[in-house]
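Quick notes on the structure that follows.
Each reported figure results from applying straightforward, stated rules to the coordinates on display, with no laboratory input. For clarity, every value in this text was computed on a predicted model and none was experimentally measured. Cβ: placed from backbone, ideal geometry, glycine included. Neighbour counts: every protein chain shown.
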Amino acid sequence: MSKRTILLTGASGRIGRTFFLAMQDRYIFTLVDQKHPDYHIPAPHCFILADLSNPSAAEDLVSDVENIIHLAGIPYANAEFEDLLPANILTINYLLQAAAKSQCRRFIFAK
């Protein structure tokens, strides 16, 4: 039985890192973030540097994905709206739109 592939956003953050390191033997991950992670990513996993507040970046990443775990975003309640809009609102909107047009079967997100 082949392992399922998961697109994991927010891979450089604390939760994304912890999730990947705990589950890397069970699934094949495509990790995504706006900055490079501070941990080793062994094959067959891969990392893609991307800004998901760009609709075309979201579409490109989601086109061949069946499962998405969206952990990217700004976690601070006192963040400025101008920072939250692209990171927390537009990003999830673009990912959901791209997932609806693709073969994505599951979309899991945490906020």
### Task
Rounding to the nearest 20 debye, state how big the charge dipole of segment 5-109 is about its Cα centre with +1 on each Lys and Arg Cβ and -1 on each Asp and Glu Cβ.
380 debye
### Summary
Between the residues L95, I41, L84, the Cα farthest towards the positive end of the dipole of the chain, that dipole coming from +1 and -1 charges on the beta-carbon of Lys, Arg, Asp and Glu, is from I41
### Task
For n ≥ 4 DSSP H runs only, could you compute -39500 (n - 2.57) per run for the chain, divide by its residues and tell me the 222 nm figure to the nearest 500?
-8000 deg cm²/dmol
### Task
Using only alpha carbons, build the gyration tensor for the chain and give me the equivalent ellipsoid semi-axes, biggest first, whole Å.
22, 17, 11
